[in-house]
Amino acid sequence: MATTSDKGVLTRKLGASDYNPTRYVAEISQRCVGGEEILAQRKMIQDLSDDTNTLLKHNVYKNYSQFIETAKEISHLESDMYRLSSMITEQRRFLTGLLETSILGDTVPLTHTLDIELDVQQEEEMKPNNRQELGRRNLIDLMEKVEGGRDIIDVPSRFLLYDGDLIEMDTGEHSAIHRVHIYLTNDSIIIATWLREKRGPVRFKLSSQYSLNSFAMVNVRDLAGVTNAWKLLVSPEPRLFQCKDALSKKEWLAAYEEAKEWQRTGGLEPATRKPVKQNKKPEKQADNPFSEPEVEIEVDVKEEDPPELPEWLIELPDTLDVHIAQREFESAVEIIQEAEEDLERREECQLIKELKEINQARKDTLIQVLRGELNLTPDKSMQGGPRTARRAVNLLSGLHRQAEARDLFLTHRTTLLRHNVKSCRGEGNTHQYLTRIGNTFFQQIAETCREFDKCFLSPDSGPSSSSNSRSSSSSLLMWLEEELEWFVEKIDKQLFSNHAPLPGIAESVNRLREQAGKLLGFGLDVVFLLDNRLQGGIERVICEARDKAIEAVKLRWGEENWRPHHAGSRSGLEKCLVEMNQAGIASAKTYLNADGELDLTLNSVSFGLSYLTLTDHLLLLFTPGTRHLVNESLISVLHAQLRHLDQAVRADKVEGASKSFIMKNAGFLLDTVLTLVEHKYQSKTGSECPKLSKLHSNYAWLKEGKGPVTKYQDNNFV
């Protein structure tokens with residue numbers, strides 16, 4: 001175990017100025033024999049480390065109070081430095097005032113005490129600069145009281161015009177928010193808030209700064225709870241400030257007008273015209289007593305007089321800024337249109353050119369704002385009514401941006417339509433979901449057509465030529481095709497999935513057609529467009545249903561026993577008769593015999609019911625594009641059933657059945673089932689299917705008990 005003296009030696013070695021860890025480790029490796037000595041050295045170093053940590057903790061606890069006292073002293077020292085800086089500033093201001101004050105009490109320029117040889121003309125030229133220099137000094141002095149105000153005075157040309165304490169009010173509830181101190185300079189307005197804890201001369205904290213081009217200061221009428229107030233129109237929301245009295249409010253508004261005047265004159269104070277002295281000197285004639293004295297001719301140098309403009313046209317930029325900031329877009333559009341007409345009638349000059357440029361700049365700003373009204377983003381509400389879009393569209397049309405307004409309107413409706421469609425919940429079965437999503441989609445389409453007609457096609461939408469109307473109609477049709485394409489792609493998987501049954505698909509497609517048919521009132525045949533988009537999926541479904549029906553015919557004929565159908569029990573027979581009545585076979589009871597059985601085979605009854613159901617579903621999918629496929633499917637399925645009956649008779653496989661029983665089954669298929677199918681086909685399509693009639697005549701021998709007329713080997717025999 002290490003002794004105290006060993007720890008002392010180790011402490012001196014580790015604390016030596018020339019301590020080298022690598023050399024120390026090499027010495028230990030050479031001196032120590034075996035692992036035990038190395039472990040002992042390691043334990044000694046660890047103990048020394050623990051002792052050092054303990055000693056450091058004690059020192060920290062011992063000196064903690066001294067740390068706190070030192071921090072307080074530093075804080076007091078900082079306050080003293082602030083106070084000293086304030087005193088120096090006051091002294092400098094006092095000395096400057098003494099230098100500018102004469103014995104007689106008159107205030108003279110400081111430059112006069114430095115250089116008394118300046119003439120009157122130089123003093124006159126320096127007067128505008130005195131205003132700027134004084135405002136500059138005041139700004140520097142005041143910014144020393146604002147935390148973060150050092151960046152404000154980094155602009156050399158910035159100087160103070162006016163400042164004061166105000167109360168910021170809530171624009172909605174007109175309640176006081178907090179006290180502020182505002183500084184108005186020649187190029188910006190600076191807003192500072194009061195500090196609760198004063199730090200030396202610092203009294204305020206910089207809150208915000210707006211350049212002179214980005215805001216407008218407007219008067220606010222005295223209302224209940226708000227008096228002597230003016231509004232700062234800035235983006236994104238205006239701010240309301242209340243002055244202490246009416247005089248202060250008047251001074252603020254006057255200072256704002258002065259700031260705009262400084263900006264308009266490019267940093268030079270506006271001055272009146274003054275004569276320019278020109279010395280008309282003849283050729284030098286020294287000591288000529290007869291020469292005429294020099295004559296000073298005052299030439300009134302003046303520029304070309306600008307045209308006289310009405311006051312509203314001169315104040316056009318400020319008026320438009322106010323209307324745009326307060327979202328009074330209709331008034332802004334009216335003023336822009338009136339200004340354009342007035343400026344076009346006037347003779348071209350520099351002032352008129354500048355006003356045109358200003359008017360165009362404000363017009364571009366207004367157009368950009370109106371674009372934002374029609375631009376729906378995820379962070380904006382999607383529940384805005386059509387009036388919002390209609391207002392922006394009408395205003396853009398008033399600014400001669402009809403094409404852009406039309407495109408923005410359709411883009412706006414696309415975003416709204418797809419958002420509403422995607423918001424439909426996938427509850428219930430597939431048919432219920434497709435019905436719900438179809439209602440939403442076609443309602444949005446109808447609303448879009450209605451609003452489009454009001455904005456671009458109705459007489460109230462403004463003067464528009466026939467070419468513009470045709471262009472608008474074609475744009476709406478192209479938009480409708482794109483949205484219908486998107487809608488069909490969205491429902492394709494749910495509608496034509498592999499596990500979807502034919503009845504559900506037929507009912508869903510029929511429901512979608514009914515919803516699309518309601519748009520015929522707008523002059524749009526959306527049913528035709530929908531059928532074209534769905535035709536591929538419908539044809540695939542019809543082919544699959546036809547193949548399944550033919551395969552079912554083959555399976556049933558493999559189990560045919562040529563016996564009357566007794567349905568198992570009395571209730572079973574009644575249920576079978578009800579199903580036949582619901583399928584449209586009103587004469588089902590005529591096929592009952594004396595034993596209470598149907599003089600029809602189970603195969604004939606099952607085929608008749610399934611074939612009539614298949615006919616109903618295929619007719620729901622009937623369109624001019626699928627006519628040929630529906631006809632071929634109806635004929636193929638019935639032909640397969642009749643062909644099996646024909647083959648059974650020809651092969652003499654019905655020896656156990658009477659001839660009259662076979663004739664009844666054939667008559668049921670031809671006279672009852674086929675006749676009912678022909679009636680349904682004609683009611684749905686308004687025309688007849690000639691091939692079904694030929695099928696009836698070609699197999700009539702089966703119900704008449706005569707021999708076969710011909711033998712058909714091909715499915716496409718007709």
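A few comments on the model shown:
- Of T107, T101, all but one fail to be surrounded by fewer than 12 Cβ atoms within 10 Å (Cβ to Cβ), of a type in the set (S, T, N, Q) and at pLDDT below 70; the exception is T107.
- In the condition set (1) open to solvent by less than 40 Å² (accessible area, probe 1.4 Å); (2) out of contact with any helix residue (DSSP H, G or I) (no Cβ under 8 Å at 6 or more places or on another chain), I538 is compliant with all but (2).
- Restricting region 488-514 to residues that are free of Cβ contacts under 8 Å to residues at least 12 places away in the same chain and in a helix (DSSP H, G or I) leaves a set whose member that is farthest from H617 (Cα to Cα) is E489.
- When restricted to residues that are touching a residue at least 40 places away in the same chain (Cβ under 8 Å), over 14 Å from E483 (Cα atoms) and surrounded by 15 or more Cβ atoms within 10 Å (Cβ to Cβ), region 433-446 contains 3.
- Residues satisfying the stated conditions in region 413-432, i.e. in contact (Cβ under 8 Å) with a residue 60 or more places away in the chain and of a type in the set (G, A, S): none
- Note on region 47-79: residues that are open to solvent by 70 Å² or more (accessible area, probe 1.4 Å) and touching a strand residue (DSSP E or B) at 6+ places or on another chain (Cβ under 8 Å) amount to 1.
- Subset of region 80-91 (residues that are open to solvent by 100 Å² or more (accessible area, probe 1.4 Å) and either in contact (Cβ under 8 Å) with a residue 12 or more places away in the chain or in contact with a helix residue (DSSP H, G or I) (Cβ under 9 Å, 6 or more places away or on another chain) (or both)): M81, R83
- Of all residues in region 243-258, those satisfying the criterion of being over 16 Å from S188 (Cβ atoms) and open to solvent by less than 40 Å² (accessible area, probe 1.4 Å) are C243, S248, K249.
- Any hit, region 616-637, residues being closer than 23 Å to K664 by Cβ, of a type outside the set (A, V, I, L, M) and open to solvent by less than 40 Å² (accessible area, probe 1.4 Å): no
- Selection of region 515-535 for residues being outside any helix (DSSP H, G or I) and surrounded by fewer than 18 Cβ atoms within 10 Å (Cβ to Cβ) yields G523, D525.
- Every residue from region 340-359 that is under 26 Å from V220 (Cα atoms) and either surrounded by 17 or more Cβ atoms within 10 Å (Cβ to Cβ) or under 29 Å from the mean Cα position of the chain (by Cα) (or both): N359
- Flag if E597 is over 20 Å from A506 (Cα atoms), free of Cβ contacts under 8 Å to residues at least 24 places away in the same chain and open to solvent by 10 Å² or more (accessible area, probe 1.4 Å): no
- Residue check for G608: over 24 Å from G558 (Cβ atoms) and either modelled with pLDDT under 90 or over 58 Å from the mean Cα position of the chain (by Cα) (or both): no
- Filtering A586, A648 for residues that are aliphatic (A, V, I, L, M), touching a residue at least 40 places away in the same chain (Cβ under 8 Å), under 26 Å from K691 (Cβ atoms) and surrounded by fewer than 19 Cβ atoms within 10 Å (Cβ to Cβ) leaves a single hit, A648.
- Among (1) more than 16 Å from H565 (Cβ to Cβ); (2) open to solvent by less than 10 Å² (accessible area, probe 1.4 Å) - the single one A700 does not satisfy: (2)
- Residue satisfying all of: in region 19-42; aliphatic (A, V, I, L, M) and in a helix (DSSP H, G or I); nearest to the chain's Cα centre (by Cα) among these: V25
- Restricting region 299-325 to residues that are in a loop (DSSP other than H, G, I, E, B) and either in contact with a strand residue (DSSP E or B) (Cβ under 8 Å, 6 or more places away or on another chain) or exposed (fewer than 10 other Cβ atoms within 10 Å of the Cβ) (or both) leaves a set whose member that is modelled with the lowest pLDDT is V301.
The values are calculated or read from the model by the stated rules, or taken from the named source; none is laboratory data. Small disclaimer: the values here were computed from a predicted structure and weren't measured. Cβ sites come from the backbone with ideal geometry, for glycine too, and all protein chains shown count toward neighbours. Heads up: the accessible areas ignore ligands, DNA and RNA and are worked out on the full protein's heavy atoms, side chains in. Shrake-Rupley method; radii C 1.70, N 1.55, O 1.52, S 1.80 Å.
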